[in-house]
Every structure is written in C-alpha cells, then in structure tokens.
1. Would it be correct to say that LYS107 is loosely packed, with under 15 Cβ neighbours inside 10 Å, out of contact with any Cys (no Cβ under 6 Å at 6 or more places or on another chain) and either under 20 Å from VAL189 (Cα atoms) or free of Cβ contacts under 8 Å to residues at least 40 places away in the same chain (or both)?
2. Can you tell me which residue in the stretch 299-331 is surrounded by the fewest Cβ atoms within 10 Å (Cβ to Cβ), limited to those that are among the hydrophobic types (A, V, I, L, M, F, W, C) and within 27 Å of ASN280 (Cα to Cα)?
3. Yes or no: the stretch 78-91 includes at least one residue that is over 27 Å from GLY216 (Cα atoms), in a helix (DSSP H, G or I) and free of Cβ contacts under 8 Å to residues at least 60 places away in the same chain.
4. Out of the residues in the stretch 375-395 that are over 21 Å from ASP302 (Cβ atoms), assigned to a loop (DSSP other than H, G, I, E, B) and of a type in the set (A, V, I, L, M), state the one that is nearest to the chain's Cα centre (by Cα).
5. Somewhere in the stretch 276-286, is a residue among the β-branched types (Val, Ile, Thr) and either outside the structural domain of MET231 (by TED's automatic domain parsing) or in a loop (DSSP other than H, G, I, E, B) (or both)?
6. So, in the stretch 221-239, of the ones that are among the small types (Gly, Ala, Ser) and not in a helix (DSSP H, G or I), which residue ends up farthest from GLY208 (Cα to Cα)?
7. Could you tell me whether the stretch 8-27 includes any residue that is at pLDDT 95 or above and within 22 Å of the chain's Cα centre (by Cα)?
8. Search the stretch 44-61 for residues that are over 15 Å from LEU97 (Cβ atoms) and modelled with pLDDT of 95 or more and pair each with any residue that is part of a helix (DSSP H, G or I) and of a type outside the set (Val, Ile, Thr) when their beta-carbon atoms are under 6 Å apart and the residues are at least 6 apart or on different chains.
Amino acid sequence: MRSFVLGLVAATMLIAAPAFAASPQLAATPPMGWNSWNHFAWKVTAADIRAAADAMVASGMRDAGYKYIVIDDTWQGKRGPDGRIHSNKRFPDMKALADYVHARGLKLGIYSSPGPTTCAHYAGSWKHVKQDAKTFAEWGVDYLKYDLCGLRDVMKKRHPHDREARMRMMREAYAKMHEALEATGRPIVYSLCNYGWDAVWEWGPKVGGNLWRTTGDIKPNWDRIYTIVQMQAGLAAYAGPGHWNDPDMLEVGNGDLTLAEDRSHFSWWAMLAAPLIAGNDLSNMQPEVAKILTNREVIAVDQDPLGKQGTRAYSDGEMEVWTRRLADGALAVAVFNVGPDRRARPFHIDLERLGLHGPQQARDLWAHKAVTLSDELPIALASHDVLMLRIAHPH
C-alpha cells in the first residue's frame with residue numbers, strides 16, 4: 001500500500017498537511033479501465049482520450065466499476081532544457097486532460113519506459129525517473145504502465161554475457177520508479193510491463209508492482225487468447241489484493257472475435273482475477289459488446305475481495321472446467337468449450353471432481369437466471385462459448 005507518511009520532526013516546527021492524504025490499499029481488487037493501444041496504437045490523441053472518458057460514462061462502464069483511462073505509448077514530446085518531459089502536439093495540455101477525466105469520476109493513466117526510448121521510440125524515463133514521476137503526479141496521473149521495451153538494448157549492451165546481471169538491472173529499474181512514485185505522495189497504481197520475464201510474479205510486489213504482465217502481447221484472436229490462458233497455470237498463488245497477475249488487456253470487441261469468444265475471454269479474465277482493461281473503440285461500441293463488458297455478475301467475480309485467482313479444475317476432451325473460491329464462501333464455476341466444432345455439444349459436469357456432492361443451486365451469470373447444477377444436467381455449448389455459474393452455498 002502506498003501512502004504519504006509524515007515523520008516526526010522538531011516539536012517547534014509546524015508541518016503542513018501532505019499534498020495527498022493517505023489512501024486505502026491501491027488495487028485492492030484488480031484494476032478496471034481502458035487503454036488506448038489495442039485500438040488507436042500510435043495514432044491516439046487527446047481528443048480520443050476525452051471521447052473514451054465520455055463513452056465510458058455513457059455506456060455504463062464507469063458505473064459498472066471501470067475507473068482508469070490509460071494513455072499508452074506515443075504521447076511524449078521532447079524534453080526541455082531542464083530535462084522535464086513535455087507531451088507532443090497531439091496532447092497539448094496534459095493537466096487539462098487529467099482534469100477532464102477526473103471531472104467525469106474517472107482516473108488518468110499514462111505510459112513510460114525505464115529505457116531511453118519506449119517501444120514506439122518515443123522518450124523514455126531513462127535518467128529522468130524522479131523528474132518524470134514528479135511531473136506525472138503534478139499532471140494528476142493515477143496509474144503508470146512502465147514498459148521494459150527501451151531498457152532491453154541497454155541491458156544487452158552492458159551485460160552481453162551475464163543474464164543474471166541483466167535481470168538484476170531490470171528489477172532495479174522497476175524498483176527505482178516505485179521509489180520515485182512513492183516520493184510524490186500521490187497514490188499511483190504501478191503496472192509492470194515486462195512480458196513475464198524473470199518470473200516477475202515472484203519479485204513484482206517487492207519492487208512495488210500492483211500488477212505485472214505474465215506474457216507477451218495479446219492479439220484479438222482465439223488462439224492467442226487461449227495460449228495466454230494456458231500460460232497462467234501455476235501463477236494463482238502470486239495474486240491477491242494489491243498485486244495481480246496481468247494476462248494483458250482485453251480484446252473484447254476487437255478483431256474477428258465472435259460474441260461467444262468475447263464472453264469466454266471476459267469470463268476467463270474474471271476467473272483469473274485479472275485486471276479488466278478494455279482495449280476497444282468505446283465511442284463506436286456495439287450494444288452486444290457493451291453488454292459483455294458491463295455484465296456486473298461476471299465483474300463481481302473478478303472483483304471479489306478475497307482476491308483468490310481461479311484455476312482449471314479439470315478438462316474432458318475439448319471441455320474445460322474452472323473454479324474460483326469467493327469471499328462469501330461461494331464458488332464460481334466456468335465451463336468452456338475450447339474446441340473448433342461449431343455444433344453445440346452436450347457435456348455433463350462431474351461435480352465430485354469439484355469437491356461437490358449432489359445437486360447445486362446456482363446462478364447462470366450470462367443468462368441471469370437460476371439453475372440446478374447436477375451430474376445429469378446436459379450442458380450444451382457451441383464452440384468457444386462458456387457457461388459461468390455462481391454457487392452461493394456449495395456442498
């Protein structure tokens with residue numbers, strides 16, 4: 001938890017109140033928001049960010065729990081003679097932009113790199129870490145995505161034959177920005193983007209990370225999404241309030257994903273206690289996509305305060321059954337058809353393999369209705385679709 005702590009000083013000295021009051025634990029549940037990269041990439045503008053903020057409110061996403069509007073790469077301009085980073089002409093006034101986002105009950109996120117340049121070859125925070133953190137705080141930034149990209153060449157150049165030295169340099173770079181963010185006194189969620197290198201889940205909390213990428217980049221297709229899901233195996237123990245495994249941003253509403261695939265994608269991220277960072281065009285979102293992104297019953301699973309990441313309980317052919325324990329003693333169960341056959345196929349869940357005995361009263365979180373789950377109940381799922389249930393009193 002980041003908080004601004006005032007130490008004791010001489011009794012005769014009057015101490016002014018801190019600029020930012022002590023805050024509750026940052027990222028007590030997985031962060032929810034939107035990031036510009038998946039749709040806008042390097043073409044993003046301040047107008048796009050304002051439009052996204054407006055759309056997040058109008059679509060009901062803000063009221064469903066989405067909070068952060070994150071500007072990804074390519075906002076940076078040149079540094080001034082004093083080294084201060086300036087935004088480019090597409091972002092003429094970052095403080096005003098932050099004020100616009102805040103006025104809508106949302107928070108602003110930004111992007112940088114510990115290297116000299118970012119992934120898109122814009123200015124990184126290399127040798128300006130404290131200065132950039134201070135600037136971000138002055139602008140009103142509430143979330144920082146810190147992408148390893150630009151530091152990789154420096155790591156290789158300095159330690160061409162010593163992998164451990166390279167990894168140590170990477171960890172130290174992330175810790176340095178955490179310290180700089182702390183020094184600002186502003187609560188800023190810290191997102192580590194290093195693609196899962198060096199088992200970041202093992203040391204991410206030690207360098208102040210609130211979330212960390214566990215894999216390379218996501219793409220808006222089923223094969224890549226399913227590959228990323230498989231790569232989350234064994235990571236559940238590292239997630240919890242204030243520190244989350246991040247399988248990357250959501251692609252719901254992007255590419256050629258079907259609505260069934262969008263539902264499965266969203267359900268998996270909820271079962272994984274993953275950050276829900278949308279990446280679609282909020283201003284031109286289809287109602288069917290908005291309905292998926294604002295499903296409050298599924299979001300409630302993702303945001304469960306226990307923070308226990310779900311896991312795959314078992315698979316049977318092309319069917320996978322996942323479970324997640326929830327804070328109130330409930331159990332979330334998700335059944336996925338991961339096969340390519342477009343025909344719906346009946347499946348009978350094996351409750352005993354889930355530690356359950358006899359019929360269970362459940363809530364279907366996509367159909368929004370009560371169901372009785374039993375070994376005899378045929379579950380018919382089309383290819384890449386999902387059945388997601390909440391069992392309030394599992395037995």
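1. Working: loosely packed, with under 15 Cβ neighbours inside 10 Å: no; out of contact with any Cys (no Cβ under 6 Å at 6 or more places or on another chain): yes; either under 20 Å from VAL189 (Cα atoms) or free of Cβ contacts under 8 Å to residues at least 40 places away in the same chain (or both): yes.
Spelling it out, it is not the case that LYS107 is loosely packed, with under 15 Cβ neighbours inside 10 Å, out of contact with any Cys (no Cβ under 6 Å at 6 or more places or on another chain) and either under 20 Å from VAL189 (Cα atoms) or free of Cβ contacts under 8 Å to residues at least 40 places away in the same chain (or both).
2. Quick first cut of the stretch 299-331, residues among the hydrophobic types (A, V, I, L, M, F, W, C) only: 299-301, 306, 313, 319, 321-322, 326-327, 330-331.
In the following step, the residues that additionally are within 27 Å of ASN280 (Cα to Cα) were identified as 299-301, 322.
Values: ILE299: 21, ALA300: 17, VAL301: 22, TRP322: 22.
Checked the stretch 299-331; the qualifying residue surrounded by the fewest Cβ atoms within 10 Å (Cβ to Cβ) is ALA300.
3. Within the stretch 78-91 (the criterion being over 27 Å from GLY216 (Cα atoms), in a helix (DSSP H, G or I) and free of Cβ contacts under 8 Å to residues at least 60 places away in the same chain), the answer is no, since none of the residues qualifies.
4. Among residues in the stretch 375-395 that are over 21 Å from ASP302 (Cβ atoms), assigned to a loop (DSSP other than H, G, I, E, B) and of a type in the set (A, V, I, L, M), the one nearest to the chain's Cα centre (by Cα) is ALA382.
5. Going residue by residue through the stretch 276-286, those that are among the β-branched types (Val, Ile, Thr) are 277.
In the following step, the residues that additionally are either outside the structural domain of MET231 (by TED's automatic domain parsing) or in a loop (DSSP other than H, G, I, E, B) (or both) were identified as none.
Within the stretch 276-286 (the criterion being among the β-branched types (Val, Ile, Thr) and either outside the structural domain of MET231 (by TED's automatic domain parsing) or in a loop (DSSP other than H, G, I, E, B) (or both)), the answer is no, since none of the residues qualifies.
6. The extreme case among them is ALA233.
7. Looking only at the stretch 8-27, we keep the residues that are at pLDDT 95 or above, and these are 26-27.
Narrowing further to those that are within 22 Å of the chain's Cα centre (by Cα): 26-27.
Yes, some residue in the stretch 8-27 is at pLDDT 95 or above and within 22 Å of the chain's Cα centre (by Cα).
8. That search, which allows pairs on different chains as well, returns ALA55/LEU282; ALA55/SER283; SER59/ALA290.
The values are calculated or read from the model by the stated rules, or taken from the named source; none is laboratory data. Keep in mind the model is a prediction, meaning the values are calculated, not measured. Note that we place each Cβ from the backbone using ideal geometry, even for glycine, and neighbour counts take in every protein chain shown.
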